[in-house]
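Worksheet: one structure, shown below.
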Amino acid sequence: MRFSVQNLDSHLNKILNHWQELWVEQPLLPLLRGGLDLYVFGGKRLRAQGLALGYELFAGTNQAALLSGAAAVELYQASALAHDDIVDNADTRRGKQSLHRYFEAAVRNSSLRQNAQVQGRDLAILAGDLLMSLAFEQAHQAVMLSGMHAASLFFAKMTTEVGAGQFFDCISEGDPRLDDPQVAFTNAMQVITYKSARYSVSAPVIFGALLAGNTNAEALAGVLEPWGRAFQLRDDELGVFGDPTVTGKPAGDDLREGKRTALVALTLQKSQNRAKFLRLLGTELSFDEVHWMRTEIIECGAFAAHEKLIETQITEGENCLFALDIQNKQMLSNYRDRLTKRRY
């Protein structure tokens, strides 16, 4: 069964249109719908493609269940991004206004009397909650259509893990214990696993496989979680060295936000200028300061070590794939390449 992003977008549009009809007399409905559209449409559709891969791996045949499952993971991703951008105080997402900045601008340019900045944040939190509710509706619909009720609990477990991972990622930015490079590295890899590796990579594929009727789908985690960590490690590199025209975020934003990534932990481990690097991390960096930090990451050997770490994760997943009794292994290998070979 072939997955189509166009069909998914059409399905998502129907979901939002149906929901919108319930509130047609609300005069500020277009404002909310515009914000939802901003985050629901666009992006790489990585999670939907992963779900479709899991569904196809085990010969799922119900197109409606596939679309609802794909909508569920993408709506949940939109919800997570809305909240994540508030936590990160991000101004942009995919080269456009982040959701709280969109609402902030709308309030400022209207006759509404609230504080625009506070109201923009509050509205984005609530819109993110709405997107999460829609995600659970679609997950439930996918389960009902497929008759595979075990998938429902798995979807809920995924969202719980993401919530915990986001919490620990957020609080770790100010934790002085993470000035210790080894503690920082251990924490970063744990956060990567729960916040991203499972939710972005392994969970969508397993959710799709469960919807297709494979009750042993969680065996795929041994292959997909290391590749998910490699995916996030690559994403962390992009957060420091990426091209803003590709990433949609200003260069070096993760350094300004003080993200305690594995790349940062390796830099603290290897740099002779650790104190300066720590002093700058998480501050409003100038262009020259970003340039210095990026140069330090490369010259101290942290970047090379980080690349080796990515390769180690890829190999770990490949070894598990070799031992796995499953057909269509090439489909999983192709998925690995899409995850880990992104560049700047």
- Calculate the spin-label point distance for M144 paired with A105, positioning each point 7 Å from the Cα along the beta-carbon direction, and give it in nanometres. 3.8
- the stretch 242-332: Cα Rg divided by the 2.2 N^0.38 Å rule of thumb: 1.41
- Item | Cα-based reach from K259 at 23 Å (exclusive), listing lysines while leaving out same-chain residues under 8 positions away | K44, K96, K195, K249, K270, K276, K308, K341
- Once label points are set 7 Å from the Cα along Cα→Cβ at both F287 and D243, what is their separation, rounded to one decimal in nm? 1.9
- Task: In whole angstrom, note down how far apart the Cα centers of the stretch 197-251 and the stretch 259-275 are.
- Result: 24
- In what order, largest first, do V118, V107 sit by accessible area if the probe radius is 1.4 Å? V118, V107
- Checked against the structure, the computed Rg/Rh (Cα atoms, Kirkwood Rh) among (1) 1.42; (2) 0.98; (3) 1.01 is the one labelled (2)
- Note on the structure: Given a Förster distance of 45 Å, the FRET efficiency implied by the Cβ-Cβ spacing of E318 and Q6, rounded to the nearest 0.05, works out to 0.90
- Item | Most mobile listed residue (D84, D243, D175) in the chain, GNM with C-alpha springs under 10 Å | D175
- Within the chain, which is the longest segment containing none of the GluC sites (Glu not before Pro) that sit in a DSSP loop and have at most 12 other Cβ atoms within 10 Å? 26-283
- Interchain or long-range residues, amide H under 5 Å from T92's placed H: S98
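Per DSSP helix of 4 or more residues, -39500 (n - 2.57); summed, then divided by the residues of the chain. What does that give at 222 nm, rounded to the nearest 500?
-23000 deg cm²/dmol
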- Equivalent-ellipsoid semi-axes of the stretch 11-55, from the Cα gyration tensor, Å, largest first: 27, 12, 5
- Query: For labels at E307 and L126 in the simple 7 Å Cα→Cβ model, what's the distance in nm?
  - Reply: 4.9
- Query: Roughly how many Å² of H83 are accessible to a 1.4 Å probe, to the nearest 10?
  - Reply: 50
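The values are calculated or read from the model by the stated rules, or taken from the named source; none is laboratory data. Because the structure is a prediction, the values reported are computed rather than measured. Counting neighbours? That spans all protein chains shown, and the Cβs are built from the backbone with ideal geometry, glycine included. The area values use the complete protein model at the heavy-atom level, side chains included, leaving out ligands, DNA and RNA. Shrake-Rupley method; radii C 1.70, N 1.55, O 1.52, S 1.80 Å.
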